[in-house]
Amino acid sequence: MPNATVLIVDDDENTRFGLGHSLRGRGYKLLFAEGGAAALELLKAEPVDVVISDQNMPGMTGLELLSLARDRFPDTVRIMLTGETALETAVEAINHGEIYRFLQKPVDRAELQIAVHLACEKLELERQNRRLLALIRTSPELTRRLEEEEARRHA
């Protein structure tokens, strides 16, 4: 998905710089925040396609941020980074924040690039799906034809 906006959230400036450097030149608009509160302000200010957040930050954890992002900006794909290896943290992040990917620090450059690329593809497919569903719902003739086709397949 060209021109996707990616928000990188980490309290460590070097990590933000490194993650941004790994994604530069790939057609993404990159935004940066040093914590959860700043990230939420950026999310309110402009549409963001992918949020990449560290888990361990002062003031607001990555899980708290990504859970709020899920509630307030459900069209945003969420990726969590952590230096921890605790399975419990990963399970909680996936279950409560509906995290798309859980990456461990230090993140391999290729792994990060692939995760963001796949997140953008997922988001684009979801958007196309919503557009098609809206089109089907507004076209009784198309709906009838799809129902007939479905009935033929199950007959």
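The values are calculated or read from the model by the stated rules, or taken from the named source; none is laboratory data. Everything numeric here is computed off the predicted structure, so don't read it as measured data. Here Cβ is always computed from backbone atoms with ideal geometry, including for glycine, and neighbour counts include all displayed protein chains.
Table for the structure above
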item: Search result, residues across segment 96-137 that are modelled with pLDDT under 85 and either part of a helix (DSSP H, G or I) or out of contact with any strand residue (DSSP E or B) (no Cβ under 8 Å at 6 or more places or on another chain) (or both); result: 96, 97, 135, 136, 137
item: Test for residue 138: is it among the β-branched types (Val, Ile, Thr) and exposed (fewer than 10 other Cβ atoms within 10 Å of the Cβ); result: yes
item: Count - residues of segment 20-37 that are over 20 Å from residue 125 (Cα atoms) and either out of contact with any Phe, Trp or Tyr (no Cβ under 9 Å at 6 or more places or on another chain) or at pLDDT below 95 (or both); result: 12
item: Complete set of residues in segment 107-151 that are within 20 Å of residue 3 (Cβ to Cβ) and charged (D, E, K, R); result: 121, 122, 124, 126, 127, 130, 131
item: Residue tally, condition of a type in the set (Lys, Arg) and under 25 Å from residue 79 (Cα atoms), over segment 108-155; result: 5
item: Segment 121-139 residues that are closer than 22 Å to residue 28 by Cβ, paired with ones that are loosely packed, with under 11 Cβ neighbours inside 10 Å and among the β-branched types (Val, Ile, Thr) (beta carbon under 9 Å, 6 or more apart); result: none
